[in-house]
Structures are given as structure tokens and as C-alpha cells.
Amino acid sequence: MAREGLPYILVPLLLAIILFAIGYWPFALPLVVLAGFMAYFFRDPQRTAPTEDGVIVSPADGRVTRVRPLIPGEASSSVVISIFLSPLDVHINRSPIAGTISDVTYTQGKFLMATKEDSSLVNEQNALTIQGKELTVVCKQIAGVLARRIICWKRAGDEVALGERIGLIKFSSRTDLILPPNVQIEVSEGMRVRGGATVIGRIVQ
């Protein structure tokens, strides 16, 4: 479980215990349910990254909503993969490649629905540039209509392993991954992916 979720679990649980103790158990039950949901939401399952060389893994759990060229109409353009995280998905973000984080840029913004096309341009977000041996990728943590807090556990200069935890986004949100042209995309729109485990691309030699 992510430590950031503890206040969301303990506060309603404590209130429920107090209400039970004074005899107001009907009011305590919704708080117990809320604490249970928060424990589920902030779960942090173990994941085993693929061992094969040259793979890029999903940075998040969720549904792929976009696989598009970064610059429409340009054959050699980078590709943007967008993953929508519902409130029921694991919200831990993971590094898609092994390498060094060369830049972390936080941008304040709006809180539009994460599925909207322009949310990657105007919503609050945190962009991590990760430089690997064979390629450099950009991973964006993007807030949604419910997500009001982006958490990043890494800083510029940190080394990360394939599938290593890099942060989380509280409540429904979106994660974008920008991949260079020398990557063969292995996912399509509508697919469900698992952070740190699902191969979403392979480096083309």
C-alpha cells in the first residue's frame, strides 16, 4: 500500500470506531466502507518486469485511449500513448525503461476530464524525461477531474530500473508516454495494460 493513502484510510476508520463506541453504528458503516475503498485504491501490488532486452513497459495500469503520432502527418514523428486510470485502477506510476531521469518538470493547470484530447496540454501535470542506453522517453503524469494531487518520488539525476515505481496520481487520472520513432508499438486503443508488466513497445534496431 502506498504510504500517501494512510490518512485517507485511518481518518474514516477512526471516526467509524468512535461512532461504533458511542452507539451510532449505522453512521459508522459508510465510513468503514470508505476506508475499505481507500485501502483498495492505494494498493501497491508487486510487479515483475520483463527480462527481455529492448522492451518498453507500461507506466500505468488502465485502458489505452490514444496511440497517435506526436506530429500528425509526419512519418518519422514520435508516438504518444495515453493511458486512462479509473478510480478502480492501481494508481502507482512506473518507469517504462531503465535509465537516468534527466528532467522533471511540473506544470500547473486545469482539471479537465483525463480522457479529453487537450487535457495533456492544459491539465496540471508532471513530465519526467528518462534517458536510457538506446532511447529517451517522456512520461507525463496528468491530473484529471478528480485527481488533485500528483506525487513524484524521483528527481533529476536519479537512476531508475525497468518498472520501478516513480510516483502516483490520486484518484482518476491519465498517464502519457512519448516514444521516439525507433520503437515498434505493441498496443492499440482500447487495450488494458498493467504498469511495469505489459510490454507496450520494442526498440527497433
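The values are calculated or read from the model by the stated rules, or taken from the named source; none is laboratory data. This is a predicted model, so every value here is computed, not measured. Cβ placement follows ideal geometry from the backbone for every residue including glycine, while neighbour counts extend to all protein chains displayed.
Restricting the search to strands (runs of 3 or more DSSP E) fully inside the stretch 18-104 and requiring at least 2 residues that are out of contact with any helix residue (DSSP H, G or I) (no Cβ under 8 Å at 6 or more places or on another chain) and more than 23 Å from Lys170 (Cα to Cα) gives 55-57, 62-69. Per this entry, Thr129 is counted among residues that are in contact with a Cys (Cβ under 9 Å, 6 or more places away or on another chain) and either touching a residue at least 12 places away in the same chain (Cβ under 8 Å) or surrounded by fewer than 15 Cβ atoms within 10 Å (Cβ to Cβ) (or both).
Please tell me if Thr175 is modelled with pLDDT under 95, among the polar types (S, T, N, Q) and under 23 Å from Pro50 (Cβ atoms). Criteria met by Thr175. Among the residues that make up the stretch 1-15, is at least one of them modelled with pLDDT under 90, in a loop (DSSP other than H, G, I, E, B) and buried (at least 18 other Cβ atoms within 10 Å of the Cβ)? Yes; the residues of the stretch 1-15 include at least one that is modelled with pLDDT under 90, in a loop (DSSP other than H, G, I, E, B) and buried (at least 18 other Cβ atoms within 10 Å of the Cβ). Scanning the stretch 32-91 for residues that are crowded, with 16+ Cβ neighbours inside 10 Å and of a type in the set (D, E, K, R) yields Arg47, Asp61, Arg63, Arg66, Asp89. Arg47 passes every criterion in (1) among the charged types (D, E, K, R); (2) more than 16 Å from Arg194 (Cβ to Cβ); (3) touching a residue at least 40 places away in the same chain (Cβ under 8 Å) apart from (2). The set of residues in the stretch 69-98 being touching a Ser or Thr at 6+ places or on another chain (Cβ under 8 Å) and farther than 29 Å from Met38 by Cβ consists of Pro69, Leu70, Ile71, Val80. Checking Pro26, Pro59, Pro30, Pro50 one by one, the residue that is of a type outside the set (Gly, Ala, Ser), outside the structural domain of Cys152 (by TED's automatic domain parsing) and closer than 16 Å to Ser95 by Cβ is Pro50 and no other. As an exercise: evaluate Arg148 against (1) in contact with a Lys or Arg (Cβ under 9 Å, 6 or more places away or on another chain); (2) surrounded by fewer than 17 Cβ atoms within 10 Å (Cβ to Cβ); (3) modelled with pLDDT of 95 or more and give the number of the one condition it does not meet. Unmet condition: (3). If you go through the stretch 145-163 one residue at a time, do you hit one that is among the aliphatic types (A, V, I, L, M) and under 13 Å from Ser82 (Cα atoms)? No, the stretch 145-163 has no match at all.
Flag not set for Ser95, criterion: under 25 Å from Gln184 (Cα atoms), under 15 Å from the mean Cα position of the chain (by Cα) and at pLDDT below 90.
Considered as a group, the residues in the stretch 151-161 that are modelled with pLDDT of 95 or more and in contact with a Gly (Cβ under 8 Å, 6 or more places away or on another chain) include one that is nearest to Asp44 (Cα to Cα), and that residue is Val160.
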